[in-house]
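Asker: One structure follows; several queries about it will come next.
Every read-out reported here was derived from the displayed coordinates using simple, explicitly stated rules and does not represent laboratory data. These figures come from a predicted structure and were not determined experimentally. Backbone-built Cβ (ideal geometry, glycine too); neighbour counts: all protein chains shown.
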Amino acid sequence: MTKTAIVILNWNGIEFLKKFLPPLIKNSNIAGAKIIIADNASNDESVPFLKEKYPQIQLIELGKNFGFAEGYNRALKTIEADYFLLLNSDIEVTPNWLDPLVSFMDNHHEFAACAPVLLDYYHKNNYEYAGAAGGYIDKYGYTFCRGRIFGNVEQADSIPSQPMEVFWTTGACMMVRRDLFMAQEGFDSRFFAHMEEVDLCWRLKNKGHKLAIIPQSKVYHVGGGTLPKNNPFKTYLNFRNNLYLLYKNLPDKELKRTLRIRKNLDRLSAIMFLLTFKLKDFVAVFKAHKTFRSTQHVYENIRKEKTNSGNALHPEIYRKSLVYDYFIIRNKTFDKLRDNFPDEMAKRIA
């Protein structure tokens, strides 16, 4: 049986495959590792290219573009392995990137998932937006990373020397135990794309599992290869999915107040889009809230059945407002936030 299945979900990524498959093959030659590509109904030449140039790589052809969440769900159901390593097609791996991840999971069974440090492919000394050195979240659902807060990406001058516990691991490059992924029924397909990995990680943490960043493993990420940052559809998904994320995972005692404040903060974001003439993004915010209101009933039974008594006080949750700290106090780096984590977490991230 395969120990580690490295699974790339591809959609129209032929140029990335041409560029990044050779180093992936070269640097993933360890016992029990297998590369698999699941194609989300690409309409470029990805599939013919793979069949001709890489017949040795297992190819799963999905019938249509199911998005990131459901695309992975469908592909992973067909794969037997101890660990799934989900890998974006726009990532360049480095020598010895895989061993530290596998070794950590082999020796730390209380951890459900781990990830490498993500660095910027074009600026090798910088962290990369999508994951940097591990993901966190504030009390209103705003996600950030060690090395990236909102749009401010830091230089990777102080990469941690030891594995560190985090709140979420990036879906761009994430190793997760197959049995736990399946026990959680995988990603929430309603998310389609964006924040589905944060939702999965939150659900895993609510079940008592841990997540880690492994700084001995580093990869370089292009980022925005499928959906650029300035795409209004991405704005819509991020705002809608963030509301889903909070509604699904917060305990009852935290839910109403948090959602009320978050909705007001989103209105401020919409105003900022309007003032900067990003009219489509302005509309996307309100469309996201409308969709959430019309579909949140889908999650009511899920909340009743799956939201446990709710440890809303996971130490990896930043207990202040990231928006206030970033825009008002002007704390724009992770080090400026670090002292405001609970004592237990502050020690881990020193």
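Asker: What pairs from 205/290; 19/51; 207/234; 64/205; 263/290 go past 22 Å between their alpha carbons?
Answerer: 205/290; 207/234; 64/205
Asker: I want to check the label-to-label distance for residue 150 and residue 26. Put each point 7 Å from Cα in the C-beta direction and report it in nm to one decimal.
Answerer: Between residue 150 and residue 26, the simple spin-label model gives 4.1 nm.
Asker: Which residue, 100, 112, 187, has the largest displacement toward the positive end of the dipole of the chain when charges sit on each Cβ (Lys, Arg +1; Asp, Glu -1)?
Answerer: Ranked along the dipole, the leading option is 187.
Asker: Continuing with this model, one more query. Whole-Hz ³J(HN,Hα) for each residue in the stretch 115-125, computed from phi via Karplus 6.51 cos²θ - 1.76 cosθ + 1.60 with θ = phi - 60°, x for glycine and proline: what do you get?
Answerer: So the Karplus estimates, Gly and Pro as x, are 8, x, 6, 9, 10, 6, 4, 8, 10, 4, 8 Hz.
Asker: Using the Kyte-Doolittle scale, find the helices of the chain whose mean hydropathy is at least -0.5 and whose Cα atoms extend 18 Å or more along the helix's long axis, counting only whole DSSP H runs.
Answerer: 14-27, 252-275, 279-295
Asker: What is the projected area of the convex hull of the Cα atoms of the chain, averaged over all directions, in nm²?
Answerer: Its average projected convex-hull area is 16.9 nm².
Asker: Let me check I've understood the local charge: for residue 167, count other residues with C-beta under 9 angstrom from its C-beta, Lys and Arg +1, Asp and Glu -1. What total comes out?
Answerer: Its environment carries a net charge of -1.
Asker: If the reach is capped at under 12 angstrom between alpha carbons, list the aspartates and glutamates near residue 124, excluding any in the same chain fewer than eight residues apart.
Answerer: Within the straight-line limit of under 12 Å, residue 124 reaches these aspartates and glutamates: 92, 154, 157.
Asker: What ³J(HN,Hα) values, in whole Hz, does the Karplus curve 6.51 cos²θ - 1.76 cosθ + 1.60 give for the stretch 87-96 when θ = phi - 60°, with x put for Gly and Pro?
Answerer: Karplus-based 3J(HN,Hα) across the stretch 87-96 equals 9, 5, 5, 9, 10, 9, 7, 10, x, 6 Hz.
Asker: Of 89, 2, 32, which is farthest towards the positive pole of the chain's charge dipole, taken about the Cα centre with +1 and -1 on the beta-carbons of Lys, Arg and Asp, Glu respectively?
Answerer: 89
Asker: Any chance you could run the full-extension gain for residue 324 through residue 269? It's 0.36 nm times the residue separation minus the Cα-Cα distance, nm to one decimal.
Answerer: Computed gain between residue 324 and residue 269 is 18.5 nm.
Asker: Along the principal axes of its C-alpha atoms, what lengths does the stretch 57-212 span, in descending order and rounded to whole Å?
Answerer: 42, 34, 34
Asker: Hey, can you rank 95-108, 48-61, 143-156 by average C-beta count inside 10 Å, highest first?
Answerer: 143-156, 95-108, 48-61
Asker: Under a crude label model (7 Å from the Cα following the beta-carbon direction), how far is residue 260 from residue 99 in nanometres?
Answerer: Distance between label points: 5.6 nm.
Asker: How big is the dipole moment of the stretch 32-99 about its Cα centre under a simple scheme where the beta carbon of each Lys and Arg is +1, that of each Asp and Glu is -1, and everything else is neutral? Debye, nearest 20, please.
Answerer: 220 debye
Asker: For the stretch 1-105, list log₁₀ I(q)/I(0) at each q in 0.15, 0.23, 0.24 Å⁻¹, using the Debye formula over Cα point scatterers of equal strength and ignoring solvent, two decimals each.
Answerer: -0.58, -1.36, -1.45
Asker: Can you compute the charge dipole magnitude of the stretch 93-169 about its Cα centre, using +1 on each Lys and Arg Cβ and -1 on each Asp and Glu Cβ, nothing else charged? Give it in debye, rounded to the nearest 20.
Answerer: 200 debye
Asker: When Lys and Arg each count +1 and Asp and Glu each count -1, what net charge do the other residues less than 10 Å away from residue 38, Cβ to Cβ, add up to?
Answerer: Overall, the nearby charge balance is -1.
Asker: For the chain, with only Lys/Arg (+1) and Asp/Glu (-1) charged at the beta-carbon, what is the dipole magnitude about the Cα centre, in debye rounded to 20?
Answerer: Computed about the Cα centre, the dipole is about 1280 debye.
Asker: Something else now. For residue 17, what charge total do you get from the other residues with a beta carbon under 13 Å from its beta carbon, if Lys and Arg give +1 and Asp and Glu give -1?
Answerer: Residues close to residue 17 contribute a combined charge of -3.
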